[in-house]
1. Determine, yes or no, whether Ile74 is farther than 29 Å from Leu195 by Cα and surrounded by 21 or more Cβ atoms within 10 Å (Cβ to Cβ).
2. Are there any pairs with C-beta distances below 7 angstrom linking a residue in the range 302-320 that is in the same structural domain as Val357 (by TED's automatic domain parsing) and under 21 Å from Arg369 (Cα atoms) to a residue that is modelled with pLDDT under 90 and of a type in the set (Gly, Ala, Ser), with the two at least 6 apart or on different chains, and if so which?
3. Confirm whether His289 is surrounded by fewer than 21 Cβ atoms within 10 Å (Cβ to Cβ) and either within 39 Å of the chain's Cα centre (by Cα) or under 14 Å from Leu360 (Cα atoms) (or both).
4. Any residue in the range 52-64 that is modelled with pLDDT of 95 or more, assigned to a loop (DSSP other than H, G, I, E, B) and within 14 Å of Leu447 (Cα to Cα)?
5. Which residue is nearest to Gly95 (Cα to Cα), if the candidates are limited to the range 11-38 and must be surrounded by fewer than 13 Cβ atoms within 10 Å (Cβ to Cβ) and aliphatic (A, V, I, L, M)?
6. Right, Asp187: assigned by TED's automatic domain parsing to the domain that holds Val149, among the acidic types (Asp, Glu) and in contact with a Ser or Thr (Cβ under 7 Å, 6 or more places away or on another chain) or not?
7. Only residues that are polar (S, T, N, Q) and surrounded by 13 or more Cβ atoms within 10 Å (Cβ to Cβ): list them for the range 228-265, please.
8. Show the residue pairs meeting these rules: Cβ distance below 7 Å; 6+ apart or different chains; first residue within the range 409-424 and touching a residue at least 24 places away in the same chain (Cβ under 8 Å) and under 18 Å from Ala358 (Cβ atoms); second residue in a helix (DSSP H, G or I) and not hydrophobic (A, V, I, L, M, F, W, C).
Amino acid sequence: MEQGLINGRWRVDAARRLARAGGGLPAFAAADITDPARAVIAVQIARRAPPRAAAIERLMAAPALASVLGPLDIGTAPGPDGAQAGFVICPAPPGPDLAAELRAWPEPKLIERVLKPLALALDTLRSLGVTHRAIRLDNVFAAADGPAVLGCAWAEPPGLRQTALFEPPGSAVCAPIARGEGRGADDVYALGVLLIVLALGRDPFAAMSEDDILRRKLALGSHAALTDGQRLSPALLELTRGMLAEDPEHRPPPALLRDPIAARARRVATRPPRRAHAPIVLGNVQIWHTGELALACAANPAEAIARLRGGEIDSWLRRALGDSALAVRLDEATALRREDRNAEAGIADALLLMQAVAVLDPLAPMCWRGLLLWPDAIGAMLAAGSHDEALADLLMQEAAGAWAGARPGQGDAVMLRIEGRQHRAILRAGDQALAMRRLAYSLNPLLPCASELVHPHWVATVTELLPALEQRAARAAPPPPPDDRELLGFLAARLDLGADDTARLEASGAAAPAMGLLLLGLLGRAQDRAHLAAMPALAGWLARLAAPQVNQWPNLRRRAQAESMLPDLIRQGRLTGLAKLLDNPDDTARDSAQLPRVRRAVRQIDDEIASLRAGRPARARRAGQLGRNTAAALGVAALAVSVAAALW
C-alpha cells in the first residue's frame, strides 16, 4: 500500500494549497487513486477544533448529496509542515465562492441558482438529522451558470467561522466555539441573509462591528435591520421576512423553500416584542424589551444579580412592561436561588442569573458565570481548553438540566438532565482536571491526543497511540507520565474504562511506578485487540517505570524470577505478557496473605535473639560460679586422695 494515503485511497498534495476552497480552513489538492478523474479536495483539521464526528458519520453513510460538499472520508496524511495532520476529504467546489466577486443577482437567478438548490441541500441534511451551520458568502460556491453549492462544514465545530451577519441573535451572542449544532432553522436564517446580501450586491453591515450588528438586530429585529432603507422586490422581502423570523419555529422549513411561491404565501402570526413605556437601565444602557434585558443581564452579571435580589427587575416587568405573568414566572423560577445566599463560590448567583435569563428570553442561549453557550457546544469548548473552571462548575451543578427546566418546550430537557448526571459522575470520581480531559475526549471522538509524548503524530485512536509511543520510546526515553493528563484522559475515554480501572487510574496518578503498571495492562489490551506488532521499546520504557514498585515486592524469590525473565519479555514486545509478570494480582494477593505470617515468624526469631542477648551476663556469672565450685570440689577430692594414700 502506498505510504501517506488516507485510508489507502486518498492522496493529499500538501504542497498545493487551494485558495478560497475550504471556507476559511486550509484546503489542499487531493486525488482518489481509485478514480483519478474524480475532483476532490482535502480540508485540514485544527488540533484543538474537533471535527463534527456525528455529522461526518451520518453523511458518509448516506447516498451522494446534491448541492453540498459532503464528507467522503476522514483521516491523516503528511501536512504542509511534514507532520501528520487530519483532513476531511470532500468533493471539489464547482467554482469560486460567492465572496470572490460579490455582485447584485437578478431575482430570477437568485431563486433558481441559489434558493432552490440550497433549499434542496438543507432538506436533505434535515432528513439525515444534520445541520450545516456554515452558510456564508465565502463558503457557498457556484460555477458561471451552475447552481450554488454549500461548502465543507464538517472539519471544525459548527458555527465557528460565522459572523454576526449570518447568525441568528441567539447564537451570535455566544463565542464562536460555544454555538453548538443548532437546528435547521438556523441554516434557513443564514440562507435568508445570503439572499438579501446577493440581491443587494453588498454587505449592508460592512462598516459595522460584530457588537454593533448584534445590537441593531436586537433593537430592530433581524429582517428590519438588514432591509431597512434597502431596495428589494416585494416578493423577496416577503420571502426573507419569514426566513429571518426571530422565533425559529416561525421560519419556513427547507422543503417549503423549494417552492418560493408557497413559501411567500405562508403566513405566521407573530407579535412584535412588547415595548415598555419606560426603560430600565442596566450596564448604562436603556432597555425597552425583555430580549434586550436578558442579554444585558448576561453581560452585566453582578449588577443584574443585585437588581434581581432587590426586586427592581420584577417591578419593571409589572409596572413598565405590564407583563405580570412574566414577572410571576420569573419569581417562581428564581425564588429558591434568591434566598440561597450561602452557596459556595457564588454558585447560587450563577444559577439565579442563568434561570432569570432563560425566563426573560427562552430563545437565548444558556448564561453561566460570564459565558453564553448552547449546551451541545460543551464538548468543543473542552477540546479547545477554554473556560475550564466555569465549565467544571457548570457540569458539577448539572446546570444544563436546570436551564432546560426554566424554558419548557424549547428543547429535550430529559436528555440534558441524563447527560448532566453522567458528566457529574465522571467529575466526582477523582481528580477533576483529569476528569475534564476525559470528558473532552469522550465528547469528541475524533479529537487527537494532545500529549507531548505523541507529538507530532496525529493520534485519534488507541490503535494509533501505541505505534506513536513506540517511536517515541525508541527515539529517546520519555519522561514519566503521571502528570500527563492529556494521555491519561485520552486513554480513559478511548478505552471506555470500567469502575475498577478508573479507580486505579486516578489512584496511581501521583506515582510513576503504579502508572507504569497500569499503562502496561491498558496498552497491552489495546495491542492484543488490534493485533499490533511487537513494541520492545515501549515495553522497556514501561518496565523501567514499574521497576521501583517491583523492587518493593517482599517475596525475594518472585523478584529474582521476574528480573531473570524481564529481558526476554521486553525483546518480545508483548505488553500483556509483561503485565502478567509485573502486575499479577494472584501473586500479589498470595504474597500479601503470607506476609503477616512471615512477619510474625521474623518477630519471634528477633525476640529470641534479643532474649539471648539480654541473658548473656547472667549466664556468664552462673558459669563462673559453677567453675569455681567445680574447682574447689576437685581440690578437696584431690586432697582426700592424697591423705588416703599417705595413711596406706
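1. Against the criterion (farther than 29 Å from Leu195 by Cα and surrounded by 21 or more Cβ atoms within 10 Å (Cβ to Cβ)), Ile74 qualifies.
2. Going by the 7 Å Cβ cut-off, the qualifying pairs are Glu303/Gly283.
3. In short, yes.
4. yes
5. Out of the qualifying residues, it is Ala19.
6. It is true that Asp187 is assigned by TED's automatic domain parsing to the domain that holds Val149, among the acidic types (Asp, Glu) and in contact with a Ser or Thr (Cβ under 7 Å, 6 or more places away or on another chain).
7. Once the filter is applied, which keeps residues that are polar (S, T, N, Q) and surrounded by 13 or more Cβ atoms within 10 Å (Cβ to Cβ), the range 228-265 yields only Thr240.
8. Leu416/Pro375; Leu416/Gly401; Gly420/Gly401
The values are calculated or read from the model by the stated rules, or taken from the named source; none is laboratory data. Bear in mind that the values here come from a model prediction, so they are computed numbers and not experimental data. No Cβ is skipped: glycine too gets one built from the backbone with ideal geometry, and neighbour counts run over all protein chains shown.
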